[in-house]
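The values are calculated or read from the model by the stated rules, or taken from the named source; none is laboratory data. Predicted, not measured: the structure shown is a model, and the values here were computed from it. Quick reminder, even Gly has a Cβ in these numbers, built from the backbone with ideal geometry, and neighbours come from all protein chains shown.
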Amino acid sequence: MKKSPTKAFTLIELLVVIAIIAILAALLLPALAKAKSKGQAVRCVSNLRQWSMMVTLYTMDNQETYMADCGPSADGTWMLQLQDLYGRDGKFRLCPLAIAPSSTGYGNTTEFWGYNNVNQAIGYFRKGDFGSYGINHWINSLPAGWDGWRSHPEWQWTKVAVVKVPSDVPVFADCAWYGGNPFDLASGATEGMPAPTRDWNKSHPMEWLYDMARFCLDRHGRAIQASFVDGSARQVKLEKLWDLQWHKAFQRTNTVPLGW
């Protein structure tokens, strides 16, 4: 009987197969990365909606008044004020793109603020306080006898009824700290300036005057996620942060170009 010859790939055929696989990978990987990024953004928006919902529940139980948010006082931070509503459950404290701990306790684009450690605290936070979202401090009411973080108590929203366009007033957003008091660009104040560099908060932790820079993070493709008084949440391009109504007297600017 005649033996059949053994069939095998030639070198050329093998190279062609490898080339096809490489082309398919090049086509699929960007699509997979885009899908992953979109999924992370959806999860982040969901987290922020939950925080805003808890603030709404708080105001419903407190004569439509926002919590007084002053870390050094007995009133504590928003995380303390809302504790009864979220039970210190940490599963939605972090944006999926900022789950790494910070060495300084101050957050940045990819790292959260505070310490996820029941034996460690920074500043006036309780031990174990941490997160990658921050509150718009202009939302809060003020403890008696205190004029606020930036000495403009007349700019505080304080009560829900005072807010005229709820979909334009941020409550929470991606943030390098647990909150901030952004000024408008027209003020010329450091508190209203853009982040000077892409990862400013990492290279300059605890630059307390750069309030808007705390929110100006390249966390979601030159954008952040934010939730609003009306309970909605959406992505906001960094250049459009100045087109939100952060406080009562905030002079909005449609677009503020960044230098990076």
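Laid out as a table, the results:
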| read-out | value |
| --- | --- |
| Tally, over region 238-260, of residues that are in contact (Cβ under 8 Å) with a residue 60 or more places away in the chain and among the charged types (D, E, K, R) | 2 |
| Residue among ALA68, ALA121, ALA100 that alone is of a type in the set (A, V, I, L, M), without any contact (Cβ under 8 Å) to a residue 60 or more places away in the chain and over 30 Å from LYS38 (Cβ atoms) | ALA121 |
| Residues (without any contact (Cβ under 8 Å) to a residue 60 or more places away in the chain and at positive phi) located in region 196-237 | ARG222 |
| Answer residue from region 99-158, given it is among the charged types (D, E, K, R) and buried (at least 18 other Cβ atoms within 10 Å of the Cβ) and is modelled with the lowest pLDDT among those | ASP129 |
| Scan of region 203-213 for residues that are crowded, with 19+ Cβ neighbours inside 10 Å, not aliphatic (A, V, I, L, M) and not in a loop (DSSP other than H, G, I, E, B), ordered by number | ASP211 |
| Conditions (1) more than 15 Å from the chain's Cα centre (by Cα); (2) on the phi < 0 side of the Ramachandran plot; (3) not aliphatic (A, V, I, L, M): number failed by HIS137 | (1) |
| Close pairs from region 149-167: first touching a residue at least 40 places away in the same chain (Cβ under 8 Å) and charged (D, E, K, R), partner part of a helix (DSSP H, G or I) and surrounded by 12 or more Cβ atoms within 10 Å (Cβ to Cβ), Cβ under 7 Å, at least 6 apart | ARG150/GLU191 |
| In region 144-192, the residues that are more than 22 Å from ASP129 (Cβ to Cβ), assigned to a loop (DSSP other than H, G, I, E, B) and of a type in the set (Gly, Ala, Ser) | ALA144, GLY145, SER151, GLY188, ALA189 |
| Failed item in (1) loosely packed, with under 15 Cβ neighbours inside 10 Å; (2) within 13 Å of GLY107 (Cα to Cα), with CYS216 passing the rest | (1) |
| Criterion (surrounded by 15 or more Cβ atoms within 10 Å (Cβ to Cβ) and farther than 30 Å from ASN62 by Cα) met by exactly one of ARG222, ARG198 | ARG198 |
